[in-house]
């Protein structure tokens with residue numbers, strides 16, 4: 001997918017939801033989460049942004065972490081959704097869909113100008 005330079009405030013607003021969603025499939029480690037976000041088209045999320053967010057999610061009880069031995073390298077910290085994290089993801093996805101629907105009502109159709117409307 002071609003990288004788009006999204007406005008920073010958009011990413012800050014949706015990053016927590018996207019990280020929770022990336023963890024829905026099961027336990028994974030930080031680098032893989034970052035790769036998943038990039039593959040989805042969000043661009044590169046730096047470790048200095050991702051790891052503090054994962055720490056906050058863990059402090060809030062939405063994510064649990066465990067250490068596992070690495071394959072031929074150092075151990076990795078794996079993250080997974082807690083039950084509270086799954087509920088939060090579900091609730092936020094519903095809210096996000098309502099929010100984007102409401103926003104779409106306010107935005108002009110793509111590619112049109114006031115003269116064309």
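The rows are residues; the columns are (1) over 24 Å from residue 10 (Cα atoms); (2) touching a residue at least 24 places away in the same chain (Cβ under 8 Å); (3) surrounded by 10 or more Cβ atoms within 10 Å (Cβ to Cβ).
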| residue | (1), (2), (3) |
| --- | --- |
| 55 | no, no, yes |
| 59 | no, no, no |
| 71 | yes, no, no |
| 82 | yes, no, yes |
| 92 | no, yes, yes |
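So for region 12-24 (the condition being closer than 21 Å to residue 91 by Cβ, touching a residue at least 40 places away in the same chain (Cβ under 8 Å) and in contact with a strand residue (DSSP E or B) (Cβ under 6 Å, 6 or more places away or on another chain)), does at least one residue qualify?
The initial filter retains those residues of region 12-24 that are closer than 21 Å to residue 91 by Cβ, namely 12-24.
Filter once more, keeping what is touching a residue at least 40 places away in the same chain (Cβ under 8 Å): 14, 16-17, 20-21, 23-24.
If we keep only those that are in contact with a strand residue (DSSP E or B) (Cβ under 6 Å, 6 or more places away or on another chain) as well, we get 23.
Within region 12-24 (the criterion being closer than 21 Å to residue 91 by Cβ, touching a residue at least 40 places away in the same chain (Cβ under 8 Å) and in contact with a strand residue (DSSP E or B) (Cβ under 6 Å, 6 or more places away or on another chain)), the answer is yes, since at least one residue qualifies.
Select from region 19-35 the residues that are crowded, with 18+ Cβ neighbours inside 10 Å and under 21 Å from residue 97 (Cα atoms) and write down the one among them that is nearest to the chain's Cα centre (by Cα). Step by step, filter region 19-35, then rank; the result is 19.
The numbers here are math on the coordinates, done by the rules we state, and not lab data. All values derive from a computational prediction rather than experimental measurement. Cβ sites come from the backbone with ideal geometry, for glycine too, and all protein chains shown count toward neighbours.
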